[in-house]
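> My questions all concern the structure below.
The values are calculated or read from the model by the stated rules, or taken from the named source; none is laboratory data. None of these values were measured; they are calculated from a predicted model. Ideal geometry is used to build each Cβ from the backbone, glycine not excepted, and the neighbour counts take in all protein chains shown. What goes into the accessible areas is simple: the full protein's heavy atoms, side chains included, and nothing from ligands, DNA or RNA. Shrake-Rupley method; radii C 1.70, N 1.55, O 1.52, S 1.80 Å.
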Amino acid sequence: MRAILTVCRIEVARIFSLKPAFAVLIVASVIYAGFYPQPYRTEALRDVPIAVVDLDGTDSSRELARRVDASADVAVRAVFPDQASATQDIYRRNLHGVLIIPQFFERDLLHHRQSPIALYADASYFLIYQRLSGGVTAVARSMGAEVETARLIAAGVDPVLAAAAADPMPLTAVTLFNPQGGYATYILPAAFVLILQQTLLIGVGLLGTYRNDELSAEIAAAAGPAEVVGGKLLAYLILEAFIMSFYLIALPYLYNIPRLGAPFSIFVFALPFALAVSALGLVLAGLFRDPLTVQLVSAALGIPFLFLAGFSWPTEAIPPFLHAVATLLPSTSAINGMVAVSQMGASIPDVRQPFLVLWALAAVYTAIAILLESRSRRSMVVS
């Protein structure tokens, strides 16, 4: 036990004295926490600019354009006499869509005929397209229901029955765990876990590849490979107790992200995650043994880690082979479980599967790290 504590003390000192490791583990964590969430602070896209081509020029067509402009999602920036005039602004990306109100729009409505409108929306940005199509569709349905209700009332139908006939199945949508329906509430909790993994993975890899003469001289005879790995993991756990508390508890409060989980449950779930990532960092250091190689490999794996995590693309849509590979990454199970625990208020038994997977990964990577430490010692003795 004394050997483990000695290794832990030395490793903590190295975290703050070794500039590359300090820059990744401490400085980078602070910078990411301050700058990464800023683009998502508005939560949702608002007032996406579009143009209206009003070929009818009647009160009804102008009312439709006014309602579209009054919606939170869409803003009418210009009204053109024809579609060709709006095309140039679309190509310049000044506008992201064109709503075309056809000729005889009002006449068809008055004669109880369908009067379809056309929306040309920029689908190269998925969120922009979603806002445009959703906003215009909601306005069109609402106005269409009002027109149908007025027609039925004029025909002598009871107003209550007329409203029910125009909209027989009204939908009440309740947004659970993301009341604002915002992108930040969705993306940031998962991104925080991924940031924690990347900074810890690179930092531990750097610490393991730089020569440690003090550790070699002080405990070479007193501590075995298991004690060395255990002491290092303890040092990283002490550091991550502060960093993960900041990311998983403090930052959600600062950025007003929904949080239903208890701090104790968050800490319990984060424990095997920190151990698994730290042990994986020691494995990378033992395999590559060069600081630059560790940085390049970790940086190259960052984007695959993102896509395999299951929040930028649904896990169910990932091919089975890649899903199996993703299970070997601590972030995959950590994101699924941590979001459930911190945002949705799930208990540890509720996230039993990812919790046990993280412990299994921690055990496997720790065993590999001990084997690599033992091999490194034998090679040092031979040389």
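> Going toward the positive end of the dipole of segment 48-166, with +1 on Lys and Arg Cβ and -1 on Asp and Glu Cβ, which of Phe126, Pro116, Ala78 do you reach last?
Phe126
> Name the most mobile residue of Asn94, Asn336, Asn256, meaning the one with the largest mean-square fluctuation, in a Gaussian network model of the chain with Cα contacts below 10 Å.
Asn94
> Pairs of Cα atoms under 8 Å, at least six residues apart: use those to get the relative contact order of segment 48-166, whole percent.
Relative contact order of segment 48-166: 27 percent.
> So, one more: Counting just the Cα atoms, what span does segment 48-166 cover along each of its three principal axes? Round to the nearest Å and put the largest first.
Sorted largest first, the three principal extents are 51, 27, 19 Å.
> Right, something else. One-quarter of the Cα convex hull surface for the chain, in nm²?
Averaged projected hull area, Cα only: 24.7 nm².
> List the residues, sorted by chain then number, that are 5 or more residues from Ala346 or on another chain and whose placed amide H is less than 5 Å from its amide H.
Correct list: Val341.
> What accessible area per residue comes out for the chain, rounded to a whole number of Å², with a 1.4 Å probe? Kindly include the intermediate steps, with their values, before the conclusion.
On the way: 20120 Å² over 383 residues.
Per residue, the chain has 53 Å² of solvent-accessible surface.
> Another question about this same structure. Could you check the simple spin-label distance between Ala44 and Ala138, using points 7 Å along Cα→Cβ, in nm with one decimal?
0.6 nm
> What is the local net charge at Ala235, summed over the other residues whose Cβ is closer than 9 Å to its Cβ (Lys, Arg +1; Asp, Glu -1)?
Summing Lys and Arg as +1 and Asp and Glu as -1 gives +2.
> Shifting gears a bit: I want to verify a result. In a Gaussian network model of the chain, Cα cutoff 10 Å, which of these has the top mean-square fluctuation: Arg113, Arg131, Arg289?
Arg113
> Also: Given the DSSP H assignment, sum -39500 (n - 2.57) over each helix run of at least 4 residues in the chain and divide by its residue total; what's the result at 222 nm in deg cm²/dmol, nearest 500?
-21000 deg cm²/dmol
> On a 0 to 90 degree scale, rounded to 10, what angle separates helix 2-17 from the longest Cα axis of the chain?
The helix 2-17 is inclined about 60 degrees to the chain.
> Anyone know which of Leu372, Leu251, Leu171 comes out most mobile in the 10 Å Cα GNM of the chain?
Leu171
> Report, in debye and to the nearest 20, how large the dipole of the chain comes out about its Cα centre when Lys and Arg carry +1 and Asp and Glu carry -1 on their Cβ.
1320 debye
> Looking at the chain, identify the longest residue range that excludes and avoids all chymotrypsin sites (Phe, Trp or Tyr not before Pro) in DSSP loops having at most 16 other Cβ atoms within 10 Å.
Looking at the chain, 211-383 is the longest stretch - no exposed chymotrypsin sites (Phe, Trp or Tyr not before Pro) with at most 16 other Cβ atoms within 10 Å.
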